[in-house]
């Protein structure tokens, strides 16, 4: 058996999320079906992060084991032949048997995109949150500083979250504006269910002047989800990057179109 790693991009608008669900379209089932057709055998695909319904991915990573012998190009082109237009495999690599898409990851980065202007955008429909009122990104960034580091993030987890521990190490949380666009980037060793969207909900309240930046400190210390700011909509959220040890030799970025106004080189781990 060989272990294969794949980079995956998708628009999650029309899917129930990553995980297979009875009677609803999922990204896992869509990708497994396409890869199985190339392998001519069933494929079980494990991903780095199980995104929710409506959430997108710029650089999801998955792995599967197979006895099928195919060239890398055959896996890549074959899978994309059978995938719908809103899902694609961007790269394929053979990896050692101890590689695991989820457990080998050092950290994950999510990006939340906000269009902050009066008029809606046809091109960002279902791909960014539209906020009409001017956001104070400096206040949002000030509030974000309280969340850096290792904390109990119970105040930012969904009620249905099944994680054994609410403690997470948040490596970075930035708020940056480029014209009418605001990007909130969050990097952590792992995330609780709805953690990023609940953080964004808090920062939006701060940016709209409904709460002071210090609210972030108070929310974190409370360790209670309720009462809390509304969870931000799913359609602005992207799994932006999964960080792995360099020894695996995986591509650091699978994006076809970059965003140089926001992005800067980053590295986590050895």
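With the condition being buried (at least 21 other Cβ atoms within 10 Å of the Cβ) and modelled with pLDDT of 95 or more, I'd like the helices (runs of 4 or more DSSP H) fully within the stretch 129-247 carrying at least 3 qualifying residues.
Qualifying helices (runs of 4 or more DSSP H): 137-144, 195-207.
Of the residues that make up the stretch 94-103, is at least one within 20 Å of residue 27 (Cβ to Cβ), in contact (Cβ under 8 Å) with a residue 24 or more places away in the chain, touching a strand residue (DSSP E or B) at 6+ places or on another chain (Cβ under 9 Å) and buried (at least 18 other Cβ atoms within 10 Å of the Cβ)?
Within the stretch 94-103, one or more residues are within 20 Å of residue 27 (Cβ to Cβ), in contact (Cβ under 8 Å) with a residue 24 or more places away in the chain, touching a strand residue (DSSP E or B) at 6+ places or on another chain (Cβ under 9 Å) and buried (at least 18 other Cβ atoms within 10 Å of the Cβ).
Select from the stretch 75-103 the residues that are out of contact with any helix residue (DSSP H, G or I) (no Cβ under 7 Å at 6 or more places or on another chain) and more than 20 Å from residue 12 (Cα to Cα) and list them in ascending order.
Correct list: 76, 77, 93, 94, 96, 97, 98, 100, 103.
Kindly indicate the residue of the stretch 39-68 that is closer than 13 Å to residue 2 by Cβ and touching a residue at least 24 places away in the same chain (Cβ under 8 Å) and also nearest to the chain's Cα centre (by Cα) among those meeting that condition.
My answer is 63.
Picking from 5, 44, which residue would you name as being assigned to a loop (DSSP other than H, G, I, E, B), within 30 Å of residue 195 (Cα to Cα) and at pLDDT 95 or above?
Exactly one of 5, 44 is assigned to a loop (DSSP other than H, G, I, E, B), within 30 Å of residue 195 (Cα to Cα) and at pLDDT 95 or above, namely 44.
The values are calculated or read from the model by the stated rules, or taken from the named source; none is laboratory data. Values in this document were obtained by computation on a predicted structure and should not be read as measured data. So basically every Cβ, Gly included, is an ideal-geometry build from the backbone, and we count neighbours across all protein chains shown.
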